[in-house]
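Undergrad: Have a look at the structure that comes next, please.
What follows is calculated from the coordinates using simple rules that are stated; it is not laboratory data. All values reported here derive from a predicted model rather than from experimental measurement. Note that each Cβ is placed from the backbone with ideal geometry, even for glycine, and that neighbours are counted across all protein chains shown.
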Amino acid sequence: MIKKPLLDAMNEQVMHEMHSAYLYLSMAAYFEAQNLPGFAHWMRKQFGEEQQHAMKFFDYILERSEEVKLLPIGAVPTEFKSPEDVFAQTLEHEQKVTALINAIYEKATAANDAASQIFLHWFIEEQVEEEANATKILDMLKKIGGNMGALYQLDHALSKRGE
């Protein structure tokens, strides 16, 4: 049995992960419109990852014989100023997700729910990776500035993302 505050937070996290997926799909659409298919590919991969993250919470709740309660997913931005703006928003978003995961972990600790704490370790490690990836790309974009050749080289590099 998962205590109610923890269960509620996990159900909310399903929604947050799906919101993240929707956000990255919106960013992919922006990059497609900007003729940056490598950036769009990278964001499509993020879209898929976030769906998988939502399903991990979904399946975990069910595995613990609890009820999944799907919550409405809010609207996401559809207009962006530049690739740098997109990745600044990506980093900010991932930092918010990290805070949400940490708060869920605190609830699991308060509930003395060792199984949930172990389950959440994967997400804690994943968030370190998510923030590092967004930071790395944002830093590259800042260094590139207005150099279109360098932007297209980065676009090509991002098209190689396999995960």
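Undergrad: Please go through segment 145-163 and pick out each residue that is in a helix (DSSP H, G or I) and among the polar types (S, T, N, Q).
TA: Q153
Undergrad: Conditions: (1) farther than 16 Å from V128 by Cα; (2) crowded, with 22+ Cβ neighbours inside 10 Å. H53 meets all but one. Number of the miss?
TA: All conditions pass for H53, except number (1).
Undergrad: Could you please find all residues in segment 65-101 being among the charged types (D, E, K, R) and surrounded by fewer than 17 Cβ atoms within 10 Å (Cβ to Cβ)?
TA: Matches in segment 65-101: E66, E67, K69, E79, K81, D85, E92, K96.
Undergrad: Go through L25, L7 for me and flag whichever is surrounded by fewer than 22 Cβ atoms within 10 Å (Cβ to Cβ), within 15 Å of K69 (Cα to Cα), in contact with a helix residue (DSSP H, G or I) (Cβ under 8 Å, 6 or more places away or on another chain) and hydrophobic (A, V, I, L, M, F, W, C).
TA: Unique residue meeting the criteria: L7.
Undergrad: Of all residues in segment 115-163 being of a type in the set (D, E) and under 30 Å from D59 (Cα atoms), which is surrounded by the fewest Cβ atoms within 10 Å (Cβ to Cβ)?
TA: It comes out as E163.
Undergrad: Same structure again: So which residues in segment 111-163 are in contact (Cβ under 8 Å) with a residue 24 or more places away in the chain, more than 20 Å from A28 (Cβ to Cβ) and touching a Ser or Thr at 6+ places or on another chain (Cβ under 7 Å), if there are any at all?
TA: Once the filter is applied, which keeps residues that are in contact (Cβ under 8 Å) with a residue 24 or more places away in the chain, more than 20 Å from A28 (Cβ to Cβ) and touching a Ser or Thr at 6+ places or on another chain (Cβ under 7 Å), segment 111-163 yields only Q127.
Undergrad: If you don't mind, there's one more thing I want to ask. Where the second residue is assigned to a helix (DSSP H, G or I) and surrounded by 20 or more Cβ atoms within 10 Å (Cβ to Cβ) and the first is without any contact (Cβ under 8 Å) to a residue 60 or more places away in the chain and lies in segment 96-110, which pairs have Cβ atoms under 7 Å and are six or more apart or on separate chains?
TA: Y105/L120
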